[in-house]
Every structure is written in structure tokens, then in C-alpha cells.
Amino acid sequence: MDRPKGSGLHRFVVAVAAVLLLACQPAFAEKRVALVMGNSAYQNVAALPNPVNDASVMASTLKAAGFDFVDFRRDLSAVETRRALREFGDHARDADIAVVYYAGHGIEVDGANYLVPVDARLERDTDVYDEALSLDRLLVAIEPARKLRLVILDACRDNPFAKSMKRTLATRAIGQGLAKVEPTSPNVLIAYSAKAGSTAADGDGKNSPFTLALSKFLPTPGLDVRRAFGYVRDDVLKTTNNRQEPFVYGSLGGEDVSLVPAPAKPAPVAAAPAAAAPTPQSEARRDYELALQIGNKSAMNAFLAQYPSGYYASLARLQLEKFAAEDARVTATEKARIAEQERARLVAEGAQKTQQAKAEADAKAAEQARLAAEQAKQAAQDQAAAAEQKRLAADKAAAGQAAAAVPPPAPADKTTTVAALTAGSPQADIVKSVQTELRRVGCLTTAADGDWNAASQRSLAQFNRYAGTRLDARTASPDTLDAVKLKQSRVCPLVCEHGYRADGDRCSRIVCAEGSFLNDDNACEKRREKKPVAKRDTDDRSPRRERALRPEREPPAPSAAMPRPQASASARSEADRDRGKIVCDNTGCKPLLHGCHIEYRGGGGVPTYAGVGNVQVCN
């Protein structure tokens, strides 16, 4: 039988699979094994609430999916983890599909990823080589599996060890989340709960959004594992408002690989040979859509190796340019993050001004390179998306013309899938995500409502001012979201109203002690005691002022004629005037009797009874 020109690989695989299904339907016997680990009870850092719950859900899901062997382990030490991997490797030797699921803490050091057991201390960065287990050790355990080797890591959480870990070398990088990997062995997929360099959320419930999505889509019978992870990605993005994006690294061949086999459908298989013979153009389109569904460089390179020229080859090259731009963006973002961390470290340690200035310049240069990479990525994405839209429009028109003869359900399915994979996030979700991140860094005080209003634009302008960026404040874009996510702490200073002071990330009311009050400078000041002050009556001011300006009269000079009292010098009675006086005569001195007074009768000298001098007169 003559094969059509172009790629006969896809049709050949389908034909072989159909023959096998017809001949051996009752004997579908793939051996599937899984190791599920969840670490929650960490001994030297705060415990995690969800990993053991997530691992329990995954173990139940895989058992219900009909896996031949599921080993569920919880709260493993380093020794127990090594023993579990060694024992699981024996079960994977004759398996077709081997799965390892891990939930707990993970750490990236110098570009390598490590799983952290519950008894790890990690006091120094070099302790990770002794106390943690590398991702490569997991790959060794599943290496004997023949058809699919799958590692699922829900370990992209914030690393609590990095805050206290001592660095033995300043150049040794300790990253956020997990580092990007490129598996070297075939048929290997490594799924992260969040894209490399970012962190994942535990969720508000007892399970993480990533694990809930896995349990929903992975056990779907007949669903290719790559499409299943695509659905997981979409579900997590929707649940977390585009803050968390799961990612899958590695590649598989052109054959569909599902964790749960599809039920047998003999009628459609028998009718398959009667279908119309595909043309080379339809073969190229179908293989291109398959490569687009896989969504990585390996798939596109494989497509170009088989279709080096033509319309779909041009589309594949645009997709490769988009992947390259994304890789450049990730690299530039990581360099900018490391440069920013180094600058912050030097500032915190009080390094020399020259070192701080150099770190500041490096951070600015890395940020500019990141922005340039963001723009290049956006341009490549826009170009690939525009070409893809044109292709979909052309396919839709061609399908409409052929609808009267043979309805094509499969291409419609694929078109829908491709559109779902390439379509961007709704603008309202992007705006809401940017607003949420601006609130996190302290630049937005209003609610994240998805409306890019004047307050949101002012908040982004504030972010540009304090972060040194030049983002367009008139609109919210994915580049804006990535730039704000890059900042790990508050950017805009906290501004509080009068009567409140900044207390971390919130404003606390100022309470002054008893006897103090809050002044205009927002500080407590001791209240002064009030002293009594004489108040002048308004009506008395003029007379008093006149009396003050009037010159005082001088007292009269004493007169020599005045030392002696006169008999009638006062209007007062003489008895009252002379009361308490003493009168003397030649016999002596004695007090003046009551009711008597003194009279002077001349003569001078000592008074006598003869009636001269001062004499006592009693009426």
C-alpha cells in the first residue's frame, strides 16, 4: 500500500493502535506504580498544614484510577526518604508508568532543586547537599519505567530556611521557588505547581489549588497527560486570579499517553478505515496542532524536521521564536531578582558606598535588560498569536465549506483546544491581578475590583517612582504584573493619617499617656499646668492707666514744730488718742489711766503736780 507523501507517522501510529485494540481489547495490561510523599511536621521551622492532606488526596486518586501499586508516605526524615525511593525503584523496574508525587518544602541552590525532609536544619547553604535530596534522585528511582516517567512537585512554597541560612560563598545563589529543569532522558515529564522562580499558594482550604486540579483532571480516562496538565494550568490560574501558573518540563512522543486508559470503542475503530484519505496539507496541519498542543521547543523542532518548509513550518518557527523570547525573559527576570537581592543585602549589611553604588548600577542594568526582554517576549507573542488567529480563521472557513459533505468534529475539537491554549487572560483578570500585587507592595489602598481607574493609575505611578521602573500607568498588562511580582517586600512607603503611626504594614492609632496630648506634628507632648493669671477688668483699665501716668506727690518734709502733740489736733477723742501712753512726774512714771488724757501746760522739764509740763487730766 502506498503511503501519502509528507508525514505518515501520525496515521501509522493510529493504524497500529487500532489493530492492537481490535486484536487485544480484553488484555490491556499496563503496569502503573506511584510513590506519594507529603511532609508537614517540620521540626526546625513552622509546620505546613496542607502537604499531608494533599498527598492523601493524590494517593486516593491514583488508587481509584486503578494503579497497581501506590505507596503513601508522610513526614519523612532524610533517611526515610532515601529508603522509600530505594524501595520504590524496585517496583518501577518492570512498570510502564511510574509517578512520584511530593508535597512539602523545596529549595533551589545554584540552579539545582532539592526536596527538604522534616528533620533538615540547613544552617548553612552547603548543608543542603547532606540534609536534602536532589530532584535527580527522584528521576533515578523512576528511570526503569518504559512508557512514562512523571514527577509532580507541589513544593514551590516560600523557603523559610533561606532567612536564617548562612552563606559560605557570596556568589552561591539561593532562589525563590524551584529552578527550571530540562530532563535529558526521554519520556520524562516534571510538573511544578508554579512556574520556575515563583511560589505557589496553599489555598484557603485543606488542599492546595494545584492538588485539587490534579485530582480533577489526571484520572480522566483516555485523556493525554499533556492535555490534562493544560487543564490543570487553566484551573489553577482561574482559582488564583492568575497569580499562580503551573508548568510542565520535558517532552513525550507523538502518541497519546494517559494515566487511565480509555474504554474500548470498537465501532469508531472499525469505521476508521472508511474515512476519506487525508491530504499532505491536512497531515501537516494535524501534526502542527499536535506539536502546538504539546507546547514546547522539542515538539516544534520535531515538526520542523519533518516539515522544513511550507505554511505550517513558518507558524512553527514563530512559535519557536516565542519560546526563545520566553526563555530570555525568564533568564533576565532571574538576573534582575538576584541583582536586587544583592543590592538589598549590601544595604542591610551597611557595606561601603562604592559597593552599594556598583550593586545599584547592576540592579538598574538588570532591570533594564528585564524590561527589554519583556518587550521582546510580548512582541513575539503578539506575532505568533496574530498568525495563529489567521490560521484558525482560515481553518474555520474551510470547515464551513466542507460542512455539507462531512462534518469534521475532530478538527473542531482541536481548534477549540488550541484556542484555549493560546488565548490570553481576560483583561479584567489581568487588571485585578495587578491591583492585588500593588496592594501587596503598599502602593494601592483601594480594593482590587478589576477597574483600572484613576486611583489605580496613581498607584502604578507611585510604584514607578519608588521602584525606579517606567511602566505605562495608563493600562495594566502582563508585563506590569510580572514587574510588580518581582518585588518581594513593600515598595511604596506607608502613609498614615493624623493620629495614626506606621506599624509594619498597617497604621496604628496613637494613644498618648495621661497628662499628654497629640500635637500638630503627630507626637505626644506633655500638657503644661495652668497658672493663675490676674485678669484686668476692661472698665478699670483707663482710670488705672491715668493713675499710673499721674506724678506722685512727694511726702511733706518733717517739721521741727510737730514732735509734740496738740490738744485738739485730731477729730478723734483725746481719750482714744492717749490710750496706752505713759505719764511721768517727779515721783516716777506710770500708765495713763483709763478715761484720762495728757495735756501740756508749759514750763518744760520734768512734769510735776504743780501743773506744768505734760500732766494727766481725768474727767
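Of note:
- Qualifying residue in the range 149-166 (condition: touching a helix residue (DSSP H, G or I) at 6+ places or on another chain (Cβ under 7 Å), of a type outside the set (G, A, S) and at pLDDT below 75): no
- Odd one out for Q244, checked against (1) in a loop (DSSP other than H, G, I, E, B); (2) within 18 Å of Y288 (Cα to Cα): (2)
- Residues that are modelled with pLDDT under 75, of a type outside the set (K, R) and either farther than 16 Å from V330 by Cβ or not assigned by TED's automatic domain parsing to the domain that holds I107 (or both) within the range 172-192 comprise just one, I174.
- Looking only at the range 196-226, and only at residues there that are surrounded by fewer than 18 Cβ atoms within 10 Å (Cβ to Cβ) and of a type in the set (D, E, K, R), the one that is nearest to A448 (Cα to Cα): D204
- Test for V434: is it modelled with pLDDT under 85, hydrophobic (A, V, I, L, M, F, W, C), in contact with a helix residue (DSSP H, G or I) (Cβ under 6 Å, 6 or more places away or on another chain) and at negative phi: no
- Residues being under 20 Å from E123 (Cα atoms) and assigned to a helix (DSSP H, G or I) - total across the range 36-80: 2
- Flag if L169 is assigned to a strand (DSSP E or B) and either modelled with pLDDT under 80 or surrounded by fewer than 24 Cβ atoms within 10 Å (Cβ to Cβ) (or both): no
The values are calculated or read from the model by the stated rules, or taken from the named source; none is laboratory data. Just so we're clear, the structure is a prediction, and the values are computed from it rather than from any experiment. Here the Cβ is made from the backbone with ideal geometry for all residues, glycine too, and neighbour counts use every protein chain on show.
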